[in-house]
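*Asks:* Okay, handing you the structure first.
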Amino acid sequence: MVNLKVDLCGLTLDNPLIPASGCFGYGKEFARWYDINMLGSFSFKGTTLEPRFGNPTPRIAECAEGMLNAVGLQNPGVEHVIAHELPEMKEYFHKPVVANISGFSLEEYVRCCELLDAQEQVGILEVNISCPNVHGGGMAFGTSAKSAAEVTEAVKKVTKKPVFIKLSPNVTNIVEIAKACEDAGADGLSLINTLLGMRIDLNRRKPILANKMGGFSGPAIFPVALRMVYQVYEAVKIPLMGMGGVQTARDVIEMMLAGATAVQIGAANLVNPCVCKEIIEQLPAEMEKLGIRSLKDIIGGAH
Amino acid sequence: MKQSIFEIIRHERLTETVFRMVLKGDTSDITATGQFVNVQLSGKFLRRPISVCDWDQDTLTLVYKVVGSGTEQMSRMQAGEKLDILTGLGNGYNLEAGFEKPLLIGGGVGVPPLYALCKALVKKGLTPVAVLGFNKKEEIFLKEDFEKLGAEVIVATADGSYGVKGFVTDAMKGLEYDYFFTCGPEPMLKAVSAASECSGQLSFEERMACGFGACMGCSCKTKYGNKRICKDGPVLVKEEVVW
């Protein structure tokens, strides 16, 4: 028997699989395809203090082995999430969930974290300082070590739950920002968010996305994500949730060898709603083939 | 909603760019006319959402237009080849809206979902009138199929090469109807909505990723709140649409 369990800041996950924020809603849509309690956990849709409609459409474009999105953090706001989404979630998901939080000011991050800290269902706070699709917010915090540390320090003061800072790949030196977050008290890091990208409609001679630019995700970015997880693992001691283009059991193992304790699956959920279930089912066979008895043992194994 | 493998059993060209693909597979999750399926194509990351033209116990008919490299690739597929398809997506048309004289208005590749709708209305004992709009005579498709169902078909062509010269709204003038169902390009939907005095249902199109309500890629604002075209739509009622 192989062992899929991993420990993440005091939480024991049945397996390292965590669908990524923005690609899994509040889980409801996927609970119709399979029992999502088989997941390690999942990270719910990025939540802001106020409700947001997000960007105009088109919000989606395709590219070779991937896609672009410019949703722009559409969400009903933290109060609605607490009053409606979380109670409803209790009916179909019975494990601690990852709450993904975004903001446009330090105060907003803090208030959002405070409110979600009080929710029993929330196991981990994942603070997104890296959304490429909103102007003047999100990524602005994630692109400098100083502001990343400020957000980390501020939210750590208002919660006892583990705080993961979700890092942007759209920076010169991700390691420096990762270290700054660790020094500021982050319990873990999630990486990577999407890469900033673009497509142009040849007939209209205009960008496909109404927002012009969007976040590039999908299997095409896997080597970039893997490289960044590898680099950050060498530089920090806190656990990492690795993500970016993961779509098979072998990708999960590769990401863990690079240094991820848990592995998030994003865009792949959108094309194959059962991808996480399939990966969890395929992991034992892949592990046996590779002579892995416990996934815990391979974290950072490539270093 | 279901994910399953379909096998192409027939594939034919209807016009220069429009194809009819008949597939065999599990259609049990298709519950309403106006729903769509999301088709996976090898080498393409995102699935291709395509409206359901018709279905029965074990066959699915898709009539689609080649608009890009995905549908172009699809058009080269042959009988015997298999496709991974998500079925039962979207709300579909509501046939219990209370009407006696429904008018169906389709524009171009918006025509196919109205075929199954027409069939369902005929089954309810109604005689729908279908206004089908195309650019020119050579682009007309499914006209005879609607006629075979027993519908009265009025064709409009933009260049006047067949039927009424002009847009579907020109062909709608003087027709008696107490409800409408439409699908087509957004400017047409808007014109139909403005030209009609009664209520109706409009099927919208939007670029989407998942097709089942998870990614928020296809959101729109309506008078009844934010909706996802893929999950809460693609069919919206006239009264809720914000133009």
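*Asks:* Quick one: count up the residues across the stretch A:1-26 that are of a type in the set (Gly, Ala, Ser) and surrounded by fewer than 24 Cβ atoms within 10 Å (Cβ to Cβ). Break it down stepwise before answering.
*Replies:* Residues of the stretch A:1-26 of a type in the set (Gly, Ala, Ser): A:10, A:20-22, A:25.
Subset that is surrounded by fewer than 24 Cβ atoms within 10 Å (Cβ to Cβ): A:10.
Residues flagged as of a type in the set (Gly, Ala, Ser) and surrounded by fewer than 24 Cβ atoms within 10 Å (Cβ to Cβ) within the stretch A:1-26 amount to 1.
*Asks:* Taking the options B:29, B:54, name whichever one is among the charged types (D, E, K, R), within 14 Å of chain A (Cβ to nearest Cβ) and in contact with a Ser or Thr (Cβ under 6 Å, 6 or more places away or on another chain).
*Replies:* Checking each option against the conditions leaves just B:29.
*Asks:* Please find, among A:82, A:124, the residue that is under 29 Å from residue A:149 (Cα atoms), hydrophobic (A, V, I, L, M, F, W, C) and either in a loop (DSSP other than H, G, I, E, B) or touching a residue at least 60 places away in the same chain (Cβ under 8 Å) (or both). Write out each step before concluding.
*Replies:* Working: A:82 fails: either in a loop (DSSP other than H, G, I, E, B) or touching a residue at least 60 places away in the same chain (Cβ under 8 Å) (or both).
Going through A:82, A:124 in turn, the sole match is A:124.
*Asks:* Let me ask something else about it. With the requirement that a residue be within 19 Å of the chain's Cα centre (by Cα) and either more than 19 Å from residue A:210 (Cα to Cα) or assigned to a strand (DSSP E or B) (or both), what does the stretch A:61-75 give you?
*Replies:* Just the residues of the stretch A:61-75 that are within 19 Å of the chain's Cα centre (by Cα), to begin with: A:66-75.
Scanning the stretch A:61-75 gives A:66, A:67, A:68, A:69, A:75.
*Asks:* Does any residue of the stretch A:7-17 turn out to be touching a Pro at 6+ places or on another chain (Cβ under 7 Å), at negative phi and more than 12 Å from chain B (Cβ to nearest Cβ)?
*Replies:* yes
*Asks:* If you don't mind, there's one more thing I want to ask. Can you pull out every residue in the stretch A:115-144 that is at pLDDT below 95 and either of a type in the set (Val, Ile, Thr) or surrounded by fewer than 24 Cβ atoms within 10 Å (Cβ to Cβ) (or both)?
*Replies:* To start, the set of residues in the stretch A:115-144 that are at pLDDT below 95 comprises A:129-144.
Matches in the stretch A:115-144: A:129, A:134, A:135, A:136, A:137, A:139, A:140, A:143, A:144.
*Asks:* What is the residue count in the stretch B:187-205 for residues that are within 13 Å of the chain's Cα centre (by Cα) and closer than 30 Å to residue B:45 by Cβ?
*Replies:* Pass one, the stretch B:187-205, residues within 13 Å of the chain's Cα centre (by Cα): B:189, B:201-205.
If we keep only those that are closer than 30 Å to residue B:45 by Cβ as well, we get B:189, B:202-205.
Going through the stretch B:187-205 one residue at a time, the tally reaches 5.
*Asks:* Among the candidates B:97, B:120, B:116, B:158, which residue alone is in contact with a Ser or Thr (Cβ under 6 Å, 6 or more places away or on another chain) and surrounded by fewer than 20 Cβ atoms within 10 Å (Cβ to Cβ)? Steps first, answer last, please.
*Replies:* Values: B:97 fails: in contact with a Ser or Thr (Cβ under 6 Å, 6 or more places away or on another chain); B:116 fails: surrounded by fewer than 20 Cβ atoms within 10 Å (Cβ to Cβ); B:158 fails: in contact with a Ser or Thr (Cβ under 6 Å, 6 or more places away or on another chain).
Checking each option against the conditions leaves just B:120.
Every residue, every condition in (1) facing chain B (nearest Cβ under 9 Å); (2) within 28 Å of residue A:291 (Cα to Cα); (3) modelled with pLDDT under 95, yes or no:
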{"position": "A:4", "(1), (2), (3)": "no, yes, no"}
{"position": "A:28", "(1), (2), (3)": "yes, no, no"}
{"position": "A:37", "(1), (2), (3)": "no, yes, no"}
{"position": "A:47", "(1), (2), (3)": "no, no, no"}
{"position": "A:61", "(1), (2), (3)": "yes, no, no"}
{"position": "A:68", "(1), (2), (3)": "no, no, no"}
{"position": "A:91", "(1), (2), (3)": "no, no, no"}
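*Asks:* If only one of B:205, B:239, B:186 is among the acidic types (Asp, Glu) and either in contact with a Pro (Cβ under 7 Å, 6 or more places away or on another chain) or surrounded by 19 or more Cβ atoms within 10 Å (Cβ to Cβ) (or both), which one is it? Write out each step before concluding.
*Replies:* Values: B:239 fails: either in contact with a Pro (Cβ under 7 Å, 6 or more places away or on another chain) or surrounded by 19 or more Cβ atoms within 10 Å (Cβ to Cβ) (or both); B:186 fails: either in contact with a Pro (Cβ under 7 Å, 6 or more places away or on another chain) or surrounded by 19 or more Cβ atoms within 10 Å (Cβ to Cβ) (or both).
One residue alone meets the criteria, B:205.
*Asks:* A further question on this structure: Quick check: anything in the stretch A:155-167 among the polar types (S, T, N, Q) and either buried (at least 24 other Cβ atoms within 10 Å of the Cβ) or without any contact (Cβ under 8 Å) to a residue 40 or more places away in the chain (or both)? Outline the logic, then answer.
*Replies:* Let us first name the residues in the stretch A:155-167 that are among the polar types (S, T, N, Q), namely A:159.
From what is left, the residues that are either buried (at least 24 other Cβ atoms within 10 Å of the Cβ) or without any contact (Cβ under 8 Å) to a residue 40 or more places away in the chain (or both) are none.
Looking through the stretch A:155-167, none of the residues is among the polar types (S, T, N, Q) and either buried (at least 24 other Cβ atoms within 10 Å of the Cβ) or without any contact (Cβ under 8 Å) to a residue 40 or more places away in the chain (or both).
*Asks:* Is it true that residue A:125 is out of contact with any His (no Cβ under 9 Å at 6 or more places or on another chain) and farther than 21 Å from residue A:242 by Cα?
*Replies:* On the way: out of contact with any His (no Cβ under 9 Å at 6 or more places or on another chain): yes; farther than 21 Å from residue A:242 by Cα: no.
Against the criterion (out of contact with any His (no Cβ under 9 Å at 6 or more places or on another chain) and farther than 21 Å from residue A:242 by Cα), residue A:125 does not qualify.
*Asks:* Do any residues in the stretch A:194-210 that are part of a strand (DSSP E or B) have Cβ atoms under 8 Å from those of residues that are loosely packed, with under 12 Cβ neighbours inside 10 Å, where the two are at least six apart or on different chains, and which pairs are they?
*Replies:* A:200/A:206
The values are calculated or read from the model by the stated rules, or taken from the named source; none is laboratory data. Note that the structure is predicted; figures quoted are calculated from it, not measured. Don't worry about glycine lacking a Cβ; one is built from the backbone with ideal geometry, like all the others, and counts go over all protein chains shown.
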